[in-house]
Structures are given as C-alpha cells and as structure tokens.
Amino acid sequence: MWTGGVRVVVQFDDETILMVRQQHPEREIWLLPGGGIEEGETSRMAAVREVKEETSLDISVDRMLWHVEQLKNDGQQRYVNFFLAHVTGGELILGEDPEFDEAGQVLREVRKVSMDELADLPNVYPEFIRKELAPAISGNVSDPWKLRGPNE
C-alpha cells in the first residue's frame with residue numbers, strides 16, 4: 001500500500017526559499033516544509049496545511065516539481081509530491097508538528113535561504129534538491145518522476 005507525502009518549495013519575491021531544520025535522535029536535517037497526506041486530503045491540500053502548521057504562512061500552490069517514489073527493502077511503498085508555491089498571507093514563525101507532544105517536537109528552526117545558502121547547509125534532505133532545485137523552479141525539468149533507492 002502506498003503512503004503519500006508532500007514537500008513544498010515556498011519561493012519569495014527575493015528568490016529565497018523556505019527551509020526547516022528538524023532535530024531527530026540520530027541526526028539534524030534541513031528540509032523543505034511538508035509531511036504526510038491525511039485521509040480525505042489531496043496532496044495540494046496537504047501542502048497548504050503542512051506549510052501552515054510548520055511556518056504559520058498561507059500559501060498558494062503553483063505547480064508540481066517532482067513526484068518521487070520510494071520502494072523500501074521491507075516492501076513499504078512511499079511517494080512524495082514536491083510543489084512550488086508562493087506566500088499569500090501569514091507571518092513567518094516556527095510552528096509545530098501536531099503529531100508530537102510538546103516534549104517530542106522535532107522542528108527547531110524555519111528560515112528563508114538563498115540558493116547559495118542552500119548549497120552550504122549541512123544535512124539537506126533529500127540531497128538531490130541542492131543541484132536540481134534551481135533548474136526545476138526555472139521550469140527545466142525534463143521528467144518530474146524520480147525513483148529513490150530503498151535505503152534513502
């Protein structure tokens with residue numbers, strides 16, 4: 001059975017994008033805002049909700065950048081839709097993940113970064129966005145479908 005998720009490239013007028021830093025027991029990572037698609041939601045609806053939860057910003061989804069599928073060694077199937085979006089309202093502040101209680105929150109920071117800053121951030125997940133994000137935003141994606149390895 002497929003499990004779905006979303007990640008959102010929130011682009012600002014100054015050409016920066018939004019990144020969130022999460023702290024997990026095994027590592028700290030920087031990633032695009034996003035999360036799981038809930039029952040009764042489309043992936044676009046999940047993108048809007050997840051950005052609001054994590055950043056307090058309201059967004060409008062412009063288009064899909066990638067559809068990434070992952071088949072894990074244990075047979076688990078997962079996909080993540082990556083969207084490009086712009087801000088329509090709200091104030092940028094660090095939100096929270098309603099799936100965790102106060103003590104278990106993983107979100108640590110939210111900030112706007114340039115493409116140059118993205119290249120220097122440690123532990124960006126997924127790694128491919130460092131090289132492929134700028135061309136994708138510009139519309140230079142020949143095939144938006146990606147397959148990730150079982151251990152990624």
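The values are calculated or read from the model by the stated rules, or taken from the named source; none is laboratory data. Note that the structure is a prediction, hence the values are computed from the model and not measured. When we count neighbours, we look across all protein chains shown, and the Cβ atoms used for this are built from the backbone with ideal geometry, even at glycine.
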Within the stretch 58-70, does at least one residue satisfy the condition of being buried (at least 17 other Cβ atoms within 10 Å of the Cβ), closer than 12 Å to residue 34 by Cα and within 16 Å of the chain's Cα centre (by Cα)? no
Check: Would it be correct to say that residue 122 is assigned to a loop (DSSP other than H, G, I, E, B) and within 20 Å of residue 18 (Cβ to Cβ)?
Finding: yes
Flagged pairs (Cβ under 7 angstrom, 6 or more apart or on separate chains; first in the stretch 116-137, free of Cβ contacts under 8 Å to residues at least 12 places away in the same chain; second charged (D, E, K, R)) are 119/130
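Quick grid of which residues meet (1) within 20 Å of residue 51 (Cα to Cα); (2) in contact with an Asp or Glu (Cβ under 9 Å, 6 or more places away or on another chain):
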| position | (1), (2) |
| --- | --- |
| 107 | yes, yes |
| 110 | yes, yes |
| 116 | no, no |
| 121 | no, no |
| 127 | no, yes |
| 132 | no, no |
| 138 | no, no |
| 142 | no, no |
| 146 | no, yes |
Please verify whether the stretch 34-52 includes one or more residues that are β-branched (Val, Ile, Thr), surrounded by fewer than 19 Cβ atoms within 10 Å (Cβ to Cβ) and modelled with pLDDT under 95.
no
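Okay, residues lined up against (1) crowded, with 16+ Cβ neighbours inside 10 Å; (2) out of contact with any Leu (no Cβ under 6 Å at 6 or more places or on another chain); (3) free of Cβ contacts under 8 Å to residues at least 60 places away in the same chain:
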{"position": "75", "(1), (2), (3)": "no, yes, yes"}
{"position": "82", "(1), (2), (3)": "yes, no, no"}
{"position": "87", "(1), (2), (3)": "yes, no, no"}
{"position": "90", "(1), (2), (3)": "no, no, yes"}
{"position": "93", "(1), (2), (3)": "no, yes, yes"}
{"position": "98", "(1), (2), (3)": "no, yes, yes"}
{"position": "102", "(1), (2), (3)": "no, yes, yes"}
{"position": "106", "(1), (2), (3)": "yes, yes, no"}
